[in-house]
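Structure first, commentary second.
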Amino acid sequence: LNGVRFDFGIQSLSRQQVIDLILTSETLGTQAYLGAIKFFATKNFLLQAGAIQAIEARHAAVLASVLNQLGTPRVTAPLAGQETRINGIPNTAGIDGTAEPDNVLATVSPFI
């Protein structure tokens, strides 16, 4: 990523907006790895991606927990009955949703 610059505009955000931005990016990261599973060519790549996805999910859970303690309630994971989408298919089993690569790029492109 030589020469790539990221601008999240953090200098102009409030503390709450920074936390919301970080939580959103960690949650998107989790969904991005889940959405990309079908594209991994080898089991080794899938294992590595799974390890990174788990870290993204932990980051999102910690931030959500902090927000819960600060009085800004957040759901740390989908609850049974709460609809998410797995590869575009509605799911209510309490499983994180996915984000397709094109959607991820569209979401993050304003920051790159």
Using the Karplus equation 6.51 cos²θ - 1.76 cosθ + 1.60 (θ = phi - 60°), what ³J(HN,Hα) coupling, rounded to whole Hz, does each residue of the stretch 54-59 give in order, writing x for Gly and Pro?
5, 5, 4, 5, 5, 4
Could you run the Karplus curve 6.51 cos²θ - 1.76 cosθ + 1.60 with θ = phi - 60° over the stretch 37-53 and give me ³J(HN,Hα) per residue in whole Hz, x for Gly and Pro?
3, 5, 9, 6, 7, 10, 4, 4, 4, 4, 5, 5, 5, x, 5, 5, 4
The long-range amide H neighbours of Gln82, using H built 1.01 Å from N in the peptide plane and a cut-off of under 5 Å, are Gly94
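Every number in this text was worked out from the coordinates using simple rules, so none of it is lab data. What you see is a predicted model; the values in this text were computed from it and never measured.
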